[in-house]
C-alpha cells in the first residue's frame, strides 16, 4: 500500500537526501591563460620573431606580450604578426609601450598596431624620468586621458611597475599614488618580483586594488648572492600559491605572464622550465 507524504515530510526527506549525498566542497583555483612576456626570449626574438613565437606556442603558452620595440613595426608587418598568432592559436592581449609613444602622432601609430594584433591593453612599460610627486601626477593624468581615449574602442591602458614604484622617498610611494589617481579601468599590471625585492607585500597590494590587477608578470626574486632575478619561477621568495589565488579571486586577473630577466639556462629552456613549474603549481 502506497502512503502519501505530507508536504512537510517531502521537504524533510529531500533535505536529508541532499545532505547524505553532498561531498565537501573544494574551491579550485580559477584557471587562467598562461602567457610569456617575450622580453624573456629577447635574444631569440631579435633574431627570428616568427620562429620564436612559433616555438613559444609549441611549448604550450597561450598568450604572448610583445615589448617596446614593436612600436617600430609597420601596419603591414603587424598584420603578418597577427596571422602568425592566429595560425599558432596564441593570443596577444597586451603590448608594452614606451611612455613617449603615449603622446602625439606616436600614439595614433601604436594604437593602430595594438588593434591589428588584437591587444586589449596598451601598457605603459615605465614612467620615464620621474623625481617628484608632480612628475607622478603627470603620469597619472596621461594614463587617465589615454583610458578615456581607449574606452570607446573597448580597450584599456595600464601601467607596469618596477622597483621605483614601490620605493618610499620621504614617505611618498609612487604606486599607491598612481592607483589612487587613475580610474578603475586603468590596469595595474603587477610585476611581482620587483615588488618582493623592495619588501612590499604583494598579496596586500592585490587585496588593496580589487579588480585592477588584470594581468601579472610572474617574475620571481630570491634574496641572496647569485639569486635575485636569475631564479626561475617558483625558486624565489614570492608567495606564489596564495598570491595567484588572490589575484584570480580578488585582483581581477585575466591572464598571467611568465617573465624572466635571465637565468642559468638558455632563454628557450628557461621559458620551458618556468612553464613546467607553473603547471606543477597551478595544474
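In region 237-269, what residues are over 24 Å from residue 120 (Cα atoms) and out of contact with any helix residue (DSSP H, G or I) (no Cβ under 7 Å at 6 or more places or on another chain)?
Residues satisfying the conditions are 261, 262, 264, 266, 269.
Could you grab me the full set of residues in region 126-141 that are in a helix (DSSP H, G or I) and either touching a residue at least 12 places away in the same chain (Cβ under 8 Å) or closer than 19 Å to residue 111 by Cα (or both)?
133, 136, 137, 139, 140, 141
Residues checked against (1) more than 25 Å from residue 57 (Cα to Cα); (2) surrounded by fewer than 16 Cβ atoms within 10 Å (Cβ to Cβ); (3) in contact with a strand residue (DSSP E or B) (Cβ under 7 Å, 6 or more places away or on another chain):
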site: 184; (1), (2), (3): yes, yes, no
site: 193; (1), (2), (3): no, no, no
site: 240; (1), (2), (3): no, no, no
site: 262; (1), (2), (3): no, yes, no
site: 267; (1), (2), (3): no, no, no
site: 274; (1), (2), (3): no, no, yes
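Give the residues of region 40-52 that are more than 19 Å from residue 265 (Cβ to Cβ) and in contact with a helix residue (DSSP H, G or I) (Cβ under 6 Å, 6 or more places away or on another chain), sorted by residue number.
50
Run down 194, 182, 157, 144 and say which single residue is outside any strand (DSSP E or B), closer than 20 Å to residue 37 by Cα and either touching a helix residue (DSSP H, G or I) at 6+ places or on another chain (Cβ under 8 Å) or modelled with pLDDT of 95 or more (or both).
194
Does residue 108 satisfy being more than 19 Å from the chain's Cα centre (by Cα) and without any contact (Cβ under 8 Å) to a residue 12 or more places away in the chain?
Yes: the conditions hold for residue 108.
Within region 64-85, how many residues are surrounded by fewer than 14 Cβ atoms within 10 Å (Cβ to Cβ) and touching a strand residue (DSSP E or B) at 6+ places or on another chain (Cβ under 7 Å)?
The number of residues fulfilling the criteria is 0.
The values are calculated or read from the model by the stated rules, or taken from the named source; none is laboratory data. Every value quoted in this text rests on a predicted model; they were computed, and no experiment measured them. All Cβ positions, even for glycine, are placed from backbone atoms using ideal geometry, and neighbour counts span all protein chains on display.
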